[in-house]
1. Can you find, among 312, 294, 333, the residue sitting farthest towards the positive end of the charge dipole of segment 286-335, where Lys and Arg contribute +1 and Asp and Glu -1 at Cβ?
2. Packing-wise, with mean Cβ within 10 Å as the measure, how do 304-310, 254-260 rank, highest first?
3. Given labels modelled 7 Å from the Cα in the Cβ direction, how far is it in nm from residue 276 to residue 321?
4. 5 Å is the cut-off here: which amide hydrogens, built 1.01 Å from N in the peptide plane, fall below it relative to residue 181, excluding neighbours closer than 5 in sequence?
5. In what sequence, largest accessible area first, do 236, 202 appear using a 1.4 Å probe?
6. Take each of the peptides 173-182, 279-288, average the number of other beta-carbon atoms within 10 Å over its residues, and list them starting from the highest.
7. Cα-Cα pairs above 17 Å in segment 209-335: how many percent?
8. Can you work out the FRET efficiency for the pair residue 286 and residue 261, with r the C-beta to C-beta distance and R0 = 30 Å, to the nearest 0.05?
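The values are calculated or read from the model by the stated rules, or taken from the named source; none is laboratory data. None of these values were measured; they are calculated from a predicted model. So basically every Cβ, Gly included, is an ideal-geometry build from the backbone, and we count neighbours across all protein chains shown. Ligands, DNA and RNA are stripped out before the accessible areas are found, and what is left, the full protein with its side chains, is counted by its heavy atoms. Shrake-Rupley method; radii C 1.70, N 1.55, O 1.52, S 1.80 Å.
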Amino acid sequence: MKRGILSVLLASAMLFCGCSRICSDSDSAAPPETGMIDEVPAGPAIDLHFSELSMDDFTFSGGSFVIENGLQTVWRGEITDDETCRAIWDLLCLQEQQKRLEGGGHSSNYPLILTHRETGEEIYIGYGMHYRNDGEEGGVTSFIVSGAYSGTYCYAEHSPETAVQFQALIDGAVRRDEYIMYQMPQETGGAYAVSALVLANIHCNWAEGFQYYGEVIDLEGNVFHFDFSDDPDEEISWEEAGLRLWEQYESGALKCTGRVDADKAEKCWQLGTDVNPDAPMSETHMEWDAGLWTLCLFESETGSLIPLGSTGDYDRQLEDAAAKEICALYRSMHE
């Protein structure tokens, strides 16, 4: 799933507010409230290959937004710098080499619009989620291309770094005073811009009734609380927990409770690619009925959780250098 993204930051990576569920039968366009198009007209799917087209036949426009210090700023404008357009085009050609994801639905906002200079036909492009891939529930991060004449189709994400670079190129090109659509005070009420989940610290205990809650940290350093203690099954796999947290995060359902050092969160995300989940896990029994706090990494390919270490009834540590460094960084975030 290559989440770490984000989205990636995915970086941020893949910035979009909330999660707009778009299906292939979508037939209307929503106002660009974040500078990014939410929905586009659907049409019959055709094979559209950027590598077989000329960049010069299109104009580029991009959208971006940020919420800082209670103020929301939204930009949209044409990308005129040839070097930036070329860098974006190269990413499009790189992405289309990835596996085409068939069937299911998807969610995305589209920060990039290509407009054909002669026909006026538009292609909407962005990173998002592809659901029910290969008959499985849940979603995977994907690269989504849509348009009234091209149809809508998804490619597997090339890499979290690619997603970050894609949005960073757009942000750098359109965050100019003349491209500001509007600025307005924003009561966030816990709202946040989606980037990429990095870490989860989960408390699990059955001693006094089922308890399953904790915090997650994204690439921007935002900290979110979650509580799955009312789950009737009382059995939640690391894969299920990761996918459920991603779904709530991308839908804006998690409550933001604070922030930690974003540089440290990004360092953990970078180290995550070096973690060996098959390394041995050391274990020492400590007490009874205290439960466990387990620090987990969001796995980049699947979105499931990789346990790095635990405290409580047992002291556990994944015997991996990158995992140990992430655990140390996490502790330092809360000092």
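1. Ranked along the dipole, the leading option is 333.
2. On the way: 304-310: 23.1, 254-260: 15.4.
Per-residue mean Cβ counts within 10 Å order the peptides as 304-310, 254-260.
3. Modelled inter-label distance: 1.1 nm.
4. 74, 75, 76
5. On the way: 236 25, 202 5 Å².
Order by accessible area, largest first: 236, 202.
6. Values: 173-182: 15.0, 279-288: 11.1.
Packing proxy ranking, top to bottom: 173-182, 279-288.
7. Values: 4823 of 8001 pairs.
Tail fraction, whole percent: 60.
8. Values: r = 29 Å, r/R0 = 0.96.
Efficiency for this residue pair is about 0.55.
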